[in-house]
Amino acid sequence: MKKVKLQVPATVANLVCGFDILGMAIHEPYDEMEIKLLETPEIIIKHLDNFGLPEDPSKNVAGVVLLKIQEYLNLKNGFEVIINKKIKPGSGLGSSAASAAGAAIGANALLGKIFTEEELVYFAMFGEELASGVKHADNIAPCIFGGITLVKSSKPVDIIPLNAPDLFVTAVHPQVEVKTSDARQILKKNILLKDAIEQWGNIAGLVAGIQKNDIALIGRSLNDVIVEPIRSILIPKFNEIKEKSLQLGALGGGISGSGPSIFMLSEKQETSQKIAEMMKSVYDEIDIESFVYVSKINPSGIKIIEN
Ligand SMILES: Nc1ncnc2c1ncn2[C@@H]1O[C@H](COP(=O)(O)OP(=O)(O)O)[C@@H](O)[C@H]1O
Ligand SMILES: N[C@@H](CCOP(=O)(O)O)C(=O)O
């Protein structure tokens, strides 16, 4: 029986100012997935983790992606997927995207690499639609392409892989619930032109900074005048953590995806480590359990570890 094993990384979507269009893969945490090609057409999903995620393929993001691929190819084969999830669902660290992108990459490897990376993004977006109600590709694209990606368009899928600067990423996941679907619904449907102009400047500055490896430009472009002011209200201690991180030497950062995780970029591991300790102690003080990750930008995305 043909099977593949994958390590599927967490991703930080939006990168502060690039709502729905920018995202980056990080090394830690990552999910483990094993996908087998079956002779019979059923899709079987099994979770080794204890997050209580649905194993009905039409309710699990990995299952939905495989059903779409099966339907598109009129495939007589099915798939068995075993997921050991380490990226906590609802964290803002791309948990749903990891399972969706992993399913797409795994199926493609088992079927003889018949799809392009952009086609895999297209299929994986059906998983994001199940998780959040919207086919956003900003987590899936970096998971599949690696590093930092720009979603030039999601219909048709047009992904621009950017450089992956050698930076440290600190992320904290406080144990408060923020569902991506809810965090999208609270956003304003219309924005002021003056805010759009400021945001365009930040996005363009960030992309230029990433491509030129201009660390100072990256730092001063990590500002969001549209989404962060609204969503940050859902995250306890957001402003305090951001201020203290900058004082400790972070280049900048903000909400990871739709939250509640917060991420910060730093040039030095020592800075990243100090920020991690500060983040933990801020949440300890108010008795909110938190998980902290010190990681780096992951230039390669999903890793196939056994074929
Ligand atoms: N394989 C899966 N992995 C993660 N979440 C899944 C999976 N299948 C279905 N879901 C659903 O997706 C939602 C989590 O997605 P989301 O809120 O976007 O969190 P995250 O920010 O971690 O991606 C939950 O409602 C969860 O039940
Ligand atoms: N652009 C999306 C990203 C959601 O990321 P997630 O990790 O929270 O699923 C949004 O901001 O809604």
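Please treat every number below as a calculation from the coordinates, not as lab data. Please read these numbers as outputs of a predicted model, since none were measured by experiment. Here Cβ is always computed from backbone atoms with ideal geometry, including for glycine, and neighbour counts include all displayed protein chains.
Starting from a Cα-only point model with no solvent, please compute log10 I(q)/I(0) by Debye for the chain at q = 0.06, 0.07 1/Å.
The computed values of log10 I(q)/I(0) come out as -0.18, -0.25.
Hey, in the GNM for the chain with a 10 angstrom Cα cutoff, which one of 215, 87, 148 fluctuates hardest?
215
Of the peptides 190-200, 135-145, 175-185, how do they stack up when ordered by the mean number of other Cβ atoms within 10 Å, highest first?
Per-residue mean Cβ counts within 10 Å order the peptides as 135-145, 175-185, 190-200.
Under a plain spin-label model, where a point goes 7 Å from the Cα along Cα-to-Cβ, how far apart in nm are residue 287 and residue 246?
3.2
Determine the gain in length on full extension of the stretch residue 186-residue 220; use 0.36 nm per residue of separation and subtract their C-alpha separation, reporting nm with one decimal.
So the extension gain works out to 9.6 nm.
With only alpha-carbon atoms in the gyration tensor, what are the semi-axes of the equivalent ellipsoid for region 115-187, in Å, largest first?
Value: 22, 19, 10 Å, ordered largest first.
Using all Cα-Cα distances in region 168-296, what percent lands in each 5 angstrom bin from 0 up to the longest?
With a bin width of 5 Å, the distribution comes to 2, 11, 20, 21, 21, 15, 8, 3, 0.
So which DSSP H runs in the chain come out at 20 Å plus along the axis (Cα) with average Kyte-Doolittle of at least -1.0?
95-110, 117-132, 193-212
Picking from 174, 29, 236, which is most flexible by a Gaussian network model of the chain using Cα springs under 10 Å?
Per the Cα network of the chain with a 10 Å cutoff, 236 tops the list.
May I ask you to list the trypsin sites (Lys or Arg not before Pro) in region 1-102 that are in a DSSP loop and have at most 12 other Cβ atoms within 10 Å of their Cβ?
Hits after loop and neighbour filter: 59, 76.
Give the lysines reachable from residue 212 as a straight Cα distance under 20 Å; neighbours fewer than 8 places away on the same chain don't count.
Those lysines meeting the cut-off are 152, 268, 296.
At 0.36 nm per residue, and after removing the present C-alpha to C-alpha distance, how many nm does the segment from residue 200 to residue 119 gain when stretched out fully?
26.4 nm
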